[in-house]
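Any read-out appearing in this document is the output of simple, stated calculations on the displayed coordinates, not a laboratory observation. It should be emphasised that the depicted structure is a prediction, and the values quoted were computed from it without experimental measurement. Because the Cβ atoms are built from the backbone with ideal geometry, glycine has one as well, and the counts that use them run over all protein chains shown.
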Amino acid sequence: MHRVFFPDFPWKTLQNNLHNGPRPGPYFKRITQLPLSLLSTTISCSFPANSSFVFVHLSCYFISYQVKNPTSLFSLKTMSYVSSNRKPLLSRKATNDGHAENCPYFDGWKAYDKDPFHPTQNPSGVIQMGLAEHQLCFDLVQEWLVSNPEASICTKEGVDKFRDIALFQDYHGLPAFRNAVAKFMGRVRGDKVEFDPDRIVMSGGATGAHEMITFCLADPGDAFLVPTPYYAGFDRDLCWRTEARLLPVVCHSSNNFKVTRKALEEAYAKAVEANISVKGLLLTNPSNPLGTILDRDTLREAMSFINEKNIHLICDEIYAATVFRQPDFISIAEIIEEDQEYNRNLVHIIYSLSKDMGFPGFRVGIVYSYNDAVVECGRKMSSFGLVSSQTQYLIASMLSDDQFIGKFLLESAGRLATRHNDFTDGLRQVGIKCLNGNAGLFLWMDLRGLLMESTVEAETALWRVIINDVKLNVSPGSSFHCSEPGWFRVCIANMNEETTKVALARIREFVLRNGNKPNRKEKCWQSDLRLRLSFRRIDDVLRSPCIMSPHSPIPQSPLVRTRT
Amino acid sequence: MRLLLSGKAKCNSHGQDSSYFLGLQAYEKNPYDQTRNPQGIIQMGLAENQLSLDLVESWLSENQDVAGFKSDGESIFRELALFQDYHGLPAFKKALVQFMAEIRGNKVSFDPKKIVLTAGATSANETLVFCLAKAGDTILIPTPYYPGFDRDLKWRTGAEIVPIHCTSSNDFKITARALQQAYQEAQNCNLKVKGVLVTNPSNPLGTTMTRAELDLLMDFIVEKQIHLVCDEIYSGTVFGSPNYTSIVEVLSKYEKAEVWDRVHVVYSLSKDLGLPGFRVGAIYTNNGSIIAAATKMSSFGLVSSQTQYFLSMLLSDKKFTRNYISENKKRLEKRHASLISGLQNAGISCLKSNAGLFSWVDMRHLLSSSTFEAEMELWEKIVYDVKLNISPGSSCHCSEPGWFRVCFANMAEETLEIAIRRIKAFVDV
């Protein structure tokens with residue numbers, strides 16, 4: 001989805017355009033009743049790659065409105081922020097949409113917030129399937145904690161370390177922590193490669209790691225190529241405060257979303273033509289949202305591509321230990337060793353314990369760079385997001401326990417495989433296919449067959465039905481910048497077995513109810529479909545008790561007052 | 001290879017080539033140890049509070065449930081491990097704001113909804129600047145100031161710092177004239193001033209601001225329609241009179257005014273509680289837009305949920321906090337008194353101070369000439385010959401040579417005595 005910002009936009013013009021545009025009706029009337037003085041005159045619009053519609057946002061009234069042929073309505077100019085009468089007192093970063101949380105896909109969160117599933121207290125509530133969390137192995141960790149009280153500096157067994165650890169704020173990190181993380185990273189990759197603890201730089205989760213590596217590699221305006229579909233958080237992490245940008249490398253289902261050399265070259269050429277300086281390529285391997293791993297050829301092509309163009313390669317390997325089935329995971333760390341001609345100074349790995357271990361709350365992010373200058377700079381920058389020494393100490397202890405880690409990795413893969421099979425089997429029984437994946441905490445589900453037409457609009461409409469009628473909060477492919485409508489990411493590792501069964505039963509029931517009618521237009525859920533206009537005053541946004549994770553691809557859902 | 005990195009990676013705005021950091025490096029190479037390296041360099045350049053950690057350790061021994069990730073006997077490990085909400089653990093925020101109020105004698109109260117948690121004050125300060133300023137905008141800061149600000153406020157944000165010059169002639173207090181001059185200087189350089197940032201109690205001075213100074217600052221920011229950031233990280237280290245006045249007290253009379261939205265407080269548990277390793281910082285503001293933006297930005301440096309939980313338990317224990325605040329104050333006062341009298345014995349005076357973990361020491365009479373070169377010469381002698389890592393005033397952007405920041409709360413009492421003996425020996429020669 002491209003984000004284009006428009007200049008101060010005369011209110012009357014907007015009224016006229018909406019009135020004369022393709023969808024007149026009750027919505028614009030309501031808009032006109034609002035006094036002009038209450039509105040900021042900044043308008044930003046966003047439209048996906050295929051530009052079939054645009055969402056219009058007014059910065060203090062949140063309006064989702066689909067307008068076709070946007071280029072005929074607006075001309076592209078750079079954004080400026082001016083409040084109605086006052087001096088601009090905050091930075092643009094504080095007030096723009098760079099945090100990427102104002103995209104219109106908050107209905108899912110709203111629905112979940114208002115009506116969360118609970119097996120006994122609310123069995124017909126919305127099931128959360130939009131959060132990529134690994135909740136399947138806490139019993140193992142808890143058992144370990146009970147047997148290893150000295151790993152916590154707060155227990156009587158560990159308290160003699162309390163003072164030293166509490167005072168330890170060296171940005172190099174606890175040596176034991178770095179050693180343990182380096183060893184763990186090697187273990188996860190089947191000990192086919194070794195990691196140097198001195199190249200490990202801490203950060204505030206992978207979120208902090210991505211921002212930090214971008215600050216090290218790119219100046220404002222520089223770009224990174226990223227294959228689609230990709231984790232929506234990257235828009236914020238790599239672009240918001242760094243002012244870098246992301247350029248899509250479009251991948252297609254026709255070849256299972258493989259990242260081809262052709263697509264890389266095309267994206268690069270487009271950038272060059274537009275006079276955009278490309279600083280690097282960002283790969284997520286295993287992929288979020290696809291749940292697949294990159295094969296050796298693709299990784300080699302990527303290495304050869306970046307070497308040829310002399311740009312960086314950032315490999316986000318945050319899901320490395322979630323590979324639950326053959327083929328084996330291949331890390332970029334292996335590829336680097338294959339050819340002495342590769343310029344190692346261009347390669348950087350992002351890692352975290354949030355997915356592999358299931359510890360997002362502990363904010364353990366890692367930047368592993370083969371480039372000494374990046375390690376040096378990154379270390380200094382890590383001051384802005386060091387890992388709590390209390391947590392470093394605990395993690396150092398846990399990850400050094402070879403026996404425990406061996407058991408954990410095996411069990412985790414086994415449980416993920418079982419959960420994956422449960423879902424894919426259940427879906428297959430009702431004719432729903434998923435991309436063939438062997439990693440990650442989610443499925444990439446193919447619902448193209450249920451779309452009325454192959455448009456993002458139709459995907460959004462189907463998504464709303466899945467949330468409100470089937471009562472599952474899944475993530476639509478467009479939120480991952482997927483170029484083809486109809487794909488959905490469904491998280492499967494953040495719930496217990498009973499909930500899994502309930503979710504599958506609901507999907508089955510929905511599909512069977514709608515069946516495969518010859519005439520698509522007759523699908524019964526489509527009869528009542530219309531756009532919803534949501535109003536949200538900025539002070540409601542600020543006061544609403546958002547309780548959900550900020551790290552999922554779908555933004556926090558504030559309370560929205562819909563008026564239909 | 002450096003050609004392929006960003007401008008930020010190549011420049012040295014991180015400020016780590018300054019003497020402040022060089023001194024730390026010298027210490028790393030030859031650190032004092034009572035038994036293993038009694039001739040080593042004594043660390044007096046790190047503002048850490050090591051005096052009261054035993055109080056926290058005792059609390060832990062009496063509250064073992066917290067230790068085992070248990071609440072009411074039930075394991076809450078899973079909930080904590082999964083908790084990554086950037087709004088922070090509600091119990092922790094509540095306990096934190098109550099602690100902040102207690103430090104201020106409960107003369108003010110704080111709303112947990114107005115606090116944003118960050119990875120240390122380092123991150124809080126940077127985040128605020130990201131919210132208030134764009135690249136090229138300026139923040140005015142009174143000198144001398146904490147050397148880390150050069151990195152925290154300027155490096156990745158691209159903002160500039162213009163100093164508000166304070167001098168020993170009036171004990172380094174901020175004057176209206178100095179404020180106006182700084183503002184004018186920024187204008188002359190075509191720099192847009194977005195705000196003033198002060199540290200109160202001051203680092204490196206160890207003094208608390210008078211009510212008059214605070215009022216002056218408020219008048220100034222009202223006049224210029226700019227922001228005021230008050231870094232109150234040392235608010236819990238006030239050990240003597242005059243009493244501490246937080247900006248929050250002053251702000252209460254501006255509740256209906258426009259400026260209400262433009263005053264922001266930075267806090268941390270690194271100095272008061274002596275827990276710098278835990279990376280607990282906070283931004284407190286009435287400005288809803290900043291709360292919203294800073295909360296989202298805190299994604300880049302959240303506080304570990306494990307740490308939030310432990311601290312929520314610790315700080316909710318009012319018996320503990322009451323005792324800690326008063327005991328900590330006593331110990332700081334005693335330690336401060338030891339250093340001051342020791343230095344006096346060596347004919348060295350200090351700026352009169354009532355807070356902080358350090359003294360602002362006047363060594364102007366020991367300079368060969370009243371220049372910064374002479375100050376550097378003296379500093380090198382003190383670090384490498386006298387073997388004390390202290391921080392030269394120039395690293396704090398002091399406009400007068402000859403002042404040094406000497407920390408006293410980060411070592412055992414015996415070590416301080418040795419340090420004082422070394423200074424006496426140096427001066428007597």
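Data table
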| item | result |
| --- | --- |
| Fewest-first sequence of A:T214, B:T371 by Cβ atoms within 10 Å of each Cβ | B:T371, A:T214 |
| Whole-Å distance, taken between Cα centres, linking the range B:145-200 and the range B:363-413 | 22 Å |
| Candidate lysines - alpha carbon under 26 Å from A:K270, same-chain residues fewer than 8 apart omitted | A:K68, A:K77, A:K258, A:K262, A:K279, A:K309 |
| Restraint check, B:K93/B:K256; B:K114/B:K296; A:K471/A:K501; B:K93/B:K113; A:K93/B:K296, Cα-Cα greater than 19 Å | B:K93/B:K256 |
| Sequence ranges A:291-299, A:204-212, B:207-215, ranked by mean other-Cβ count within 10 angstrom, highest first | A:204-212, A:291-299, B:207-215 |
| Convex hull of Cα atoms in the range B:314-429, direction-averaged projection (nm²) | 8.2 nm² |
| Per-residue average of Cβ from other chains inside 10 Å of B:290-297 | 6 |
| Hits among lysines - C-alpha to C-alpha of A:K183 under 22 Å, sequence gap 8 or more where chains match | A:K192, A:K355, A:K407 |
| The range A:317-427 - percent relative contact order, Cα under 8 Å, separation 6 or more | 28 percent |
| Neighbourhood net charge (12 Å Cβ-Cβ; Lys/Arg +1, Asp/Glu -1) for A:N438 | -1 |
| Partners for B:K334 among lysines (Cα-Cα distance below 29 Å; same-chain residues under 8 apart left out) | A:K161, B:K107, B:K173, B:K271, B:K318, B:K319, B:K352, B:K381, B:K387, B:K424 |
| Mean Cα-pair separation over length for the range A:151-401, i.e. relative contact order, pairs under 8 Å, 6 or more apart, % | 29 percent |
| Amide H partners (placed H, <5 Å) of A:G365, local residues excluded | A:S203, A:G205 |
| From the C-alpha gyration tensor of the range A:151-401, square roots of 5λ in Å | 32, 20, 16 |
| Lys/Arg +1, Asp/Glu -1 at C-beta; the range A:151-401 dipole; positive extreme among A:I395, A:S382, A:A269 | A:I395 |
| Label point 7 Å beyond Cα of B:R331 along Cβ direction - residues of the range B:345-360 with amide nitrogen under 14 Å | B:357 |
| Interchain or long-range residues, amide H under 5 Å from B:F172's placed H | B:T167 |
| Cut-off 13 Å between beta-carbons: net charge of the residues surrounding A:K93, Lys and Arg +1, Asp and Glu -1 | +2 |
| Local electrostatic count at B:K93 - Lys and Arg +1, Asp and Glu -1, tallied over other residues with Cβ under 12 Å | +1 |
| Where a label projected 7 Å from the Cα of B:A412 along Cα→Cβ would reach, residues of the range B:328-350 with amide N under 16 Å | none |
| Shielding by partners, peptide A:128-137 (average Cβ within 10 angstrom, other chains) | 1 |
| Å³ per residue enclosed by the Cα convex hull of chain B | 163 Å³ |
| Span from the the range A:189-249 Cα centroid across to the the range A:123-179 one, whole angstrom | 25 Å |
| Residue among B:S341, B:M363, B:A294 farthest towards the positive dipole end of chain B, charges placed on Cβ | B:A294 |
| B:Q50 long-range amide H proximity, modeled H, under 5 Å | B:N410, B:M411 |
| Computed over the range B:70-317, Kirkwood Rh from alpha-carbon pairs, angstrom | 18.5 Å |
| Estimated 222 nm signal from helices in chain B, with DSSP H stretches of n ≥ 4 weighted -39500 (n - 2.57), rounded to 500 | -12500 deg cm²/dmol |
| Value of relative contact order over the range B:70-317, rounded to a whole percent, pairs C-alpha under 8 Å and six or more apart | 28 percent |
| Burial ordering of B:S58, B:S268, B:S312, fewest other beta-carbon atoms within 10 Å first | B:S58, B:S312, B:S268 |
| Peptide B:61-69, shielding by other chains (average Cβ, 10 Å cutoff) | 4 |
| Ranked A:K433, B:K334, criterion: other C-beta atoms within 10 Å, fewest first | B:K334, A:K433 |
